[in-house]
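Only one structure is covered here, and it is reproduced in the block below.
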Amino acid sequence: MSFVGGGDVPRLRDAMRSARATGWTATMNRREFLIVTGAGAIAIAAAGCAPDARYETGALARPAVLAALGPDVTRAIGTRYRSMASDERDAGSLRRRILASRPWSARLTGRPPSVAELVADDFEHGRTVTVDGWILSATEARQCALFSLLAS
C-alpha cells in the first residue's frame, strides 16, 4: 500500500498496535451507535424545524394580495379568517403556522423558501381556504390575519 508521505504505513501500524495494547478500540457497539445516530437525528430535526429569523413577523404581515385588494379588504379577510380558525387568533400562532408550512427539504437544507414559494406550494397541494368568497392559499389567509392584527 502506498499513501501520500510514503513512510507513514509503519508508523500507522505502530500506532494501531499501541492503541490495541492499551485497550483503545475504534469500534462502536450497538448502543453507542443508536445513541450517536439518535442525537444526530434530533440535532438535524431541531435545526430544521426551528423558526427562521429571516421570516420577520412584519414581513409576513405584508401579503401579496394587499397590493391588489387594498388594506381595508385585506384587513377584513384577515379578521374573518381569524374568526374561522379558532387556534390562529394571535400573531405568534399565525407566524408559527406559516413557518410550519415550509417544505421539509427547505428545513433540512437551510435554504428558506420565499413567501411566494410557500403560497405556490399551498395551491399545488390543495391547501386553500375560502374567506368571504376569496380563494386563498393557507399562507395568504394567515398573512391577511397577521395584517389585520398588526395594521389595526
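General observations
- Applying 1/(1 + (r/R0)^6) with r as the Cβ-Cβ distance of Arg30 and Glu117 and R0 = 41 angstrom yields a FRET efficiency of 0.50.
- For the stretch 140-151, putting each phi into the Karplus relation 6.51 cos²θ - 1.76 cosθ + 1.60 with θ = phi - 60° gives couplings of 4, 4, 5, 5, 4, 5, 4, 4, 5, 7, 8, 9 Hz, in residue order, rounded to whole numbers and with x for Gly and Pro.
- FRET efficiency estimate (nearest 0.05) - Cβ-Cβ, Ser105 to Met84, R0 22 angstrom: 0.15
- Distances between placed amide hydrogens fall under 5 Å for Val131 paired with Leu136, all partners being 5 or more residues away or on another chain.
- Proximal charge balance of Asp122 [Cβ under 15 Å; K/R count +1, D/E count -1]: -1
- Note, ³J(HN,Hα) from phi for the stretch 59-74, Karplus 6.51, -1.76, 1.60, rounded to Hz, x at Gly and Pro: 6, 5, 7, 10, x, 4, 5, 4, 5, 7, 9, x, x, 5, 5, 4
Taken together, the values in this text are just the output of simple stated rules run on the coordinates, not laboratory data. Quick caveat, the model's predicted, so the values are computed rather than measured. We place every Cβ from the backbone using ideal geometry, glycine too, and count neighbours over all the protein chains shown.
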